[in-house]
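One structure is given here, and the rest of the page talks about it.
Values quoted throughout were computed directly from the atomic coordinates according to the rules given, and no laboratory measurement underlies them. Owing to the predicted nature of the structure, the values given are computational and were not obtained by experimental measurement. Note: ideal-geometry Cβ built from the backbone for every residue, glycine included; neighbour counts use all protein chains shown.
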Amino acid sequence: MMSSRVGVTSIVVLLAFLAITEGMSLRSLGVELHCRCIQTESRPIGRHIEKVELIPANSHCEETEIIATLKKTGQEVCLDPEAPWVSRVIKKILDNSRR
């Protein structure tokens, strides 16, 4: 009876280890398992932006996320997709990429 408990415990530990390492490997590959943006910036900061990353809604986050990297500091800032100035920035980026 004792050896079956050890066997079951070993299997549970192994499965837990595999689940943890799989999650870690997904994160190391750049796959986010949750929304990255908790707060968003709605004030115009367009002239301070170096680059913008658009992350469409997916199974891990229901919201489209817009993340800007600032020129001077390299800090990432989540932008409010509803802000009119953000819409203009995204439209400009999309128009430039089509050329």
Q) Which residues, counting only those in the stretch 68-99, are in contact with a Ser or Thr (Cβ under 9 Å, 6 or more places away or on another chain) and either at positive phi or in a helix (DSSP H, G or I) (or both)? A) Trp85, Val86
**Q.** Search result, residues across the stretch 71-95 that are surrounded by 12 or more Cβ atoms within 10 Å (Cβ to Cβ) and either within 17 Å of the chain's Cα centre (by Cα) or among the charged types (D, E, K, R) (or both)
**A.** Lys71, Glu76, Val77, Cys78, Leu79, Asp80, Pro81, Arg88, Lys92
Q. Any idea how many residues of the stretch 51-67 are touching a residue at least 24 places away in the same chain (Cβ under 8 Å), of a type outside the set (Val, Ile, Thr) and part of a strand (DSSP E or B)?
A. 3
